[in-house]
Amino acid sequence: MLVIDHGGGFVTSLEPVSSELAVGTWIEAGDNVGTVATGAHCSQRCLHWGVRLDGEYIDPVLLIRDLRPSILLPLR
């Protein structure tokens, strides 16, 4: 699991993710933070995205301005 503290009470969690970042690494918008890994309950690759605001889970869709389907980019 990869957890990103955005400040202002927002925390994002992504899983399963493989990342080489050390705990506490400062990241910026557009930085590569990891790759989708295998595991969890999915038979193929999948990504679970959670968002907490002040410790309470909220619907991540509330934060998306563009509601067109997301497209994952291929590895380079």
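The values are calculated or read from the model by the stated rules, or taken from the named source; none is laboratory data. Bear in mind the structure is a predicted one, so any value in this text is a computation, not a measurement. Quick reminder, even Gly has a Cβ in these numbers, built from the backbone with ideal geometry, and neighbours come from all protein chains shown.
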When (1) loosely packed, with under 13 Cβ neighbours inside 10 Å; (2) in contact (Cβ under 8 Å) with a residue 40 or more places away in the chain; (3) touching a helix residue (DSSP H, G or I) at 6+ places or on another chain (Cβ under 9 Å) are applied to Leu67, the one that fails is (2)
For the stretch 13-55, how many residues are over 20 Å from Leu73 (Cα atoms) and of a type in the set (Ser, Thr, Tyr)? 2
Which number in (1) surrounded by fewer than 13 Cβ atoms within 10 Å (Cβ to Cβ); (2) in a loop (DSSP other than H, G, I, E, B); (3) at pLDDT 90 or above; (4) touching a Ser or Thr at 6+ places or on another chain (Cβ under 9 Å) marks the one condition that Gly24 misses? (4)
Number of positions in the stretch 42-67 that are part of a loop (DSSP other than H, G, I, E, B) and either more than 17 Å from Leu2 (Cα to Cα) or at pLDDT 90 or above (or both): 10
